[in-house]
C-alpha cells in the first residue's frame, strides 16, 4: 500500500447566501449542483468537489501576502491560450468581475476572476503535464 496523500477531494469556499451562490456558480460556470441545503451546497466542476459553506459576511478564501497584495488560493487550468481567451471573453460577457489577461513572467498567461462573494480565483493557460498524460489530452 502506498501511504501518501493522493489528491485533493474537496475545497471549501465561504459564501454569504448558499442558494444565491449555488445559482451563480451554476449559471456562470456551468457547474453541477449535487447537494444543497440552507448551510451548504456541493458543486462539482474542474474535476473537483467544492463545498459552498454559509459563512459570516465578508469571509473570503483570499489572503494577503507579505507585501499586502490580495492573493487567490486556487488556480484553474485550461488547455492553451485560445481556451484562456475564450473563457475570459465569456466571463466578461456574463458580467463576471475579471482582471486582464496577464504575462506574469512564466509559461502561459493568466487572469483572475471573482465569484459573487468576492472569492478570488486564477485561471492559467497551461494544463499540468501529468493531468494531460493521465487524461490523454493533446
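Annotations for the structure displayed:
- Compared with the alpha-carbon gap, the fully stretched path from residue 46 to residue 93 is longer by 14.8 nm at 0.36 nm per residue.
- Per the Cα gyration tensor, the range 60-138 maps to an equivalent ellipsoid with semi-axes of 22, 16, 12 Å, ordered largest to smallest.
- The Cα center of the range 1-52 and the Cα center of the range 96-129 differ in position by 19 Å.
- Helix-only mean residue ellipticity at 222 nm for the chain, each DSSP H run of n ≥ 4 adding -39500 (n - 2.57), per residue, nearest 500: -7000 deg cm²/dmol
- Cubic angstrom per residue, convex hull over Cα atoms of the chain: 157 Å³
- Rounded to 5, percent antiparallel among DSSP beta bridges of the range 1-92: 65 percent
- Rounded, prolate or oblate (a/c below 1.5 giving rounded, otherwise prolate when a/b exceeds b/c) for the range 1-81 by Cα gyration tensor: rounded
The numbers here are math on the coordinates, done by the rules we state, and not lab data. Keep in mind it's a predicted model, so treat the numbers as computed, not measured.
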